[in-house]
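A.B. asks: For reference, the structure I am asking about is given below.
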Amino acid sequence: MRSAAPGLKFHPVIPERWVDLERLFGERGAYGGCWCMWWRLRRSQFDRQTAAEWKEGLKALVDSGQVPGLLAYANGEPVAWCSVGPRESYPALERS
């Protein structure tokens, strides 16, 4: 099977890849420091939490065995991330 982008490899985010996700996101936790929890929490819950709690929440998802997304690697280094999951895992998409 050919890759969509030559040289890229894609892997699910599992506990063994958490360190790679942390490295990709950096100290601030990706853009805006939300650790990609913006859509995974209801607005009221998201607004009450801190960046450290968002990181803990994403780590808990990974550690639970759920796969919250995919990491893309180029030359063995994480270079991109895509959050994936069933619609139910994105409560912020639902109208209140």
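The values are calculated or read from the model by the stated rules, or taken from the named source; none is laboratory data. Note that this is a predicted model, so its numbers are computed, not measured. Heads up, the Cβs are rebuilt from the backbone with ideal geometry, glycines too, and the neighbour counts pull from every protein chain shown.
A.B. asks: Can you tell me which residues in the stretch 32-75 are closer than 22 Å to residue 87 by Cα and of a type in the set (Ser, Thr, Tyr)?
C.D. replies: 44, 64 - these are the residues of the stretch 32-75 that are closer than 22 Å to residue 87 by Cα and of a type in the set (Ser, Thr, Tyr).
A.B. asks: If only one of 71, 61 is surrounded by 12 or more Cβ atoms within 10 Å (Cβ to Cβ), touching a Phe, Trp or Tyr at 6+ places or on another chain (Cβ under 8 Å) and at pLDDT 95 or above, which one is it?
C.D. replies: 71
A.B. asks: Out of 30, 92, 80, 51, report the one residue that is on the phi > 0 side of the Ramachandran plot and touching a helix residue (DSSP H, G or I) at 6+ places or on another chain (Cβ under 9 Å).
C.D. replies: Answer to the check: 30.
A.B. asks: Same structure, new question: Can you tell which of 15, 6, 78 is at pLDDT below 95 and not aliphatic (A, V, I, L, M)?
C.D. replies: One residue alone meets the criteria, 6.
Results for (1) charged (D, E, K, R); (2) surrounded by 16 or more Cβ atoms within 10 Å (Cβ to Cβ); (3) closer than 21 Å to residue 75 by Cα, shown as yes or no for each residue.
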{"residue": "9", "(1), (2), (3)": "yes, no, yes"}
{"residue": "16", "(1), (2), (3)": "yes, no, yes"}
{"residue": "19", "(1), (2), (3)": "no, no, yes"}
{"residue": "32", "(1), (2), (3)": "no, no, no"}
{"residue": "36", "(1), (2), (3)": "no, yes, no"}
{"residue": "50", "(1), (2), (3)": "no, no, no"}
